[in-house]
Amino acid sequence: MTTARAASHAGPSQETVLGKALDRELLRRILSYVWPYKWQMAAALVVLPLAAAFELAQPYLLKRAIDEHIAVKRLEGLDRLALAYLGMLIGQYTLLFLQTYLMQWVGQKAMADLRDQLYLHVLRLSQAFFETTPVGRLMTRLTSDVESLTEMFASGLVALVGDLVKLAFILVTIFLIDVKLALFSLGSAPVLFTVAWLFRRVVREAFRDIRNRLSRLNTFLQENLSGVRIVQAFAQERLAAARFDQLNREYRKASARAIGADAALYAIVEAVGSFAIAGLLWHGGARIIGGTLTFGVLVAFIEYLQKFFAPIRDLSTKYTVLQQAMASAERIFELLDTHSYDAPAMAPGAIVSPPASQSSQPLIEFRHVAFHYRPEQPVLKDINLVVKRGETVAIVGPSGGGKTTLIKLLSRFYDPTSGTVCLDGKPLTNLNVDVLRRRVVLIGQEPYLFSGTLREAIGLGETSDEAIVRALRQAGAAPLLERLSLESPVQPRAINFSAGERQLFALARALCRDPELLVLDEATANVDPETERLIELGTAALMKGRTSIVIAHRLSTVVNADRIVVIEQGRIVEQGTRDELLAEGGLFARLYRLQTVGSGTSDVSLKTALFT
């Protein structure tokens, strides 16, 4: 897939308000994660009618106690009814505990599987996706959105099924006891179901808006807390706080709308239910006086009617949970359906062996490669470049000329808009991405280290302690081992180490991978001269016996390369050895002469020369 197509699948750069969801399709996809635990789910569903039967037997026992014993003042047998009533209570709550435990267990297991799949999917998306999607939004998808689905299993979906079972049992029971009184009792039911139906869309839209607002709030927090140094350095605390207050108020208003709809539905159902019970008392009382109804039947009907209205009264809460889950499911599956490119995944734990070094094919070849992030702004234009095995190729040129983009294509963070990038004569699109990125290791100018210990940050959980120590020594970090151990903590963003130390650790991490092709992108751009010297020694050890591509503005790191390639405005304008390029008198020669004018020349001046 080309990058243009990849970008089109990378997901929206802004939050979108989705249209009406296909609820059945969403439920089908959600339940597909439950299917591996179908027997536990089935057990929980089987418990529902049993629990309902225990609960609905209680009013019937109460009716018999009143009509057969209390009303006629006969104590014989009343104790047995009381024990039976107690047994129904114990059975009801025991089964409810079992059902709740099973559903919580199924929900947690199923959503843990979904979270794992979602995280792995996100890790495999292309750089184009991450450059257009804020990290805070992804955090919302992986945490609170999945948690909403978990809540659906805990108190939404199955509880709703249980309520439907209970309502069916109540209807059957009251019609068996007294048909006329049952019809009178259900007179208000159409009103209740109409109100619930009308509120359905309101609640759905309200919770969709809440997810949008929460995602924006998380995105803002992630960006500003990650860049807090910039916020403080430019005294932007008040402006940042004002923007946060605006987003926070929007989130609060969205939540208030949902709460208002929920409260209104609850209040209406409660009021209608109270009026229905009042009418039942009036109608039932008249029939008792007329001798056509017993007091026990009226009490039982009041109990059944309360149990009938309770699920409808709580429907707003359950429906809120379900609609919140549906809004979250829309976003989760939208993310899961985002594909940057379809690259075959490598089986976890597989070992990748580099090809034989005597292969006759060049290691890397760019064939008429062109690339653009936006159609109207080409970055690379008809690049043709061959890198032989064991060769060190330096790439220099003005900032924005396309050097780093060339490396992104090589690591397949992007695919070319046109043309082909080959490794061992094979297009990268035909290679397993995991295999490719084990053979090609990139070290940038701002290395990222994961928090934990040095062992975890450098070895990535795949390398022995001996290999890590050996890599640190080869990378020039031997002096650091005198005061550090592999158990030394690495704080978030490795802020407890200097930029130079982080770079040395990144070199050691690359050595642990034993790459076939090493790519250095401005590896010494942000360090002092002394640390630069250590990094250059470590780099030399890392490059020994390997094919290397080096991008740098400082000519001291590239003049000894086998070949120097000069890129300007997306095209290769010069290439050759240092002496050949100096003889041509082009861009490289101008930069070289400026550097050799005097030792006091600053890096800024050197970089400025590239634009002249």
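Full-extension gain between ASN384 and GLU270, please, as 0.36 nm times their residue separation minus the C-alpha to C-alpha distance.
My answer for the length gained is 33.5 nm.
Summing +1 for each Lys or Arg and -1 for each Asp or Glu, what net charge is found among the other residues whose Cβ lies under 13 Å from the Cβ of ARG367?
Spelling it out: positives minus negatives among the neighbours equals -1.
Between THR292 and TRP35, how high is the FRET efficiency from 1/(1 + (r/R0)^6) when r is the Cβ-Cβ distance and R₀ = 51 Å? Nearest 0.05.
Efficiency for this residue pair is about 0.45.
Taking amide H positions as placed 1.01 Å from N in the peptide plane, with prolines and chain starts having none, which residues 5 or more places from SER126, or on another chain, fall under 5 Å of its amide H?
Distant-sequence amide H within range of SER126: SER340, TYR341.
If you stretched the chain out fully between TRP197 and ILE230, how much longer would it get, using 0.36 nm times the residue separation minus the C-alpha to C-alpha distance?
Here the answer is 6.9 nm.
Relative contact order for region 245-315 using alpha-carbon pairs under 8 Å, separation at least 6, rounded to a whole percent?
40
Carbon and sulfur atoms: what percent of the 1.4 Å accessible area of region 158-212 do they account for?
77
Excluding residues on the same chain fewer than 8 positions from LYS388, give the lysines whose Cα lies under 22 Å from its Cα.
LYS403, LYS408, LYS426, LYS544
Show the residues, 5+ positions off or on another chain, whose built amide H is closer than 5 Å to the amide H of ALA370.
Amide H to amide H, under 5 Å and 5 or more residues apart or across chains, ALA370 pairs with ASP382, ILE383, THR417, SER418, GLY419.
With θ set to phi - 60° and the Karplus curve 6.51 cos²θ - 1.76 cosθ + 1.60, what are the ³J(HN,Hα) couplings of region 452-468 in order, to the nearest whole Hz, using x for Gly and Pro?
x, 10, 4, 4, 6, 6, 8, x, 6, x, 10, 10, 6, 4, 4, 5, 5
May I ask you to evaluate 6.51 cos²θ - 1.76 cosθ + 1.60, the Karplus curve with θ = phi - 60°, for each residue of region 41-52 and list the ³J(HN,Hα) values in order in whole Hz, giving x for glycine and proline?
5, 4, 4, 5, 6, 5, 5, 4, x, 5, 5, 4
Run the accessible area of region 55-143 with a 1.4 Å probe and give the carbon-and-sulfur part as a rounded percent.
The value for region 55-143 is 65 percent carbon and sulfur by accessible area.
Work out the FRET efficiency for ALA43 and ALA84 from their Cβ-Cβ distance, taking R0 = 30 Å, and round it to the nearest 0.05.
Here the calculated transfer efficiency is 0.70.
With every protein chain present, what is the per residue accessible area of region 185-308 (1.4 Å probe, Å²)?
55
Stretch LYS544-LEU486 to full length: gain in nm at 0.36 nm per residue minus the Cα-Cα span?
Extending this stretch completely gives an extra 18.3 nm.
Rounded to whole Hz and in sequence order, give me ³J(HN,Hα) for region 88-96 from the Karplus expression 6.51 cos²θ - 1.76 cosθ + 1.60, θ = phi - 60°, writing x for Gly and Pro.
5, 5, 4, x, 4, 6, 5, 5, 5
The values are calculated or read from the model by the stated rules, or taken from the named source; none is laboratory data. Remember, predicted model here, so these are calculated numbers, not experimental data. Don't worry about glycine lacking a Cβ; one is built from the backbone with ideal geometry, like all the others, and counts go over all protein chains shown. All accessible areas refer to the heavy atoms of the entire protein, side chains included, with ligands and DNA or RNA removed. Shrake-Rupley method; radii C 1.70, N 1.55, O 1.52, S 1.80 Å.
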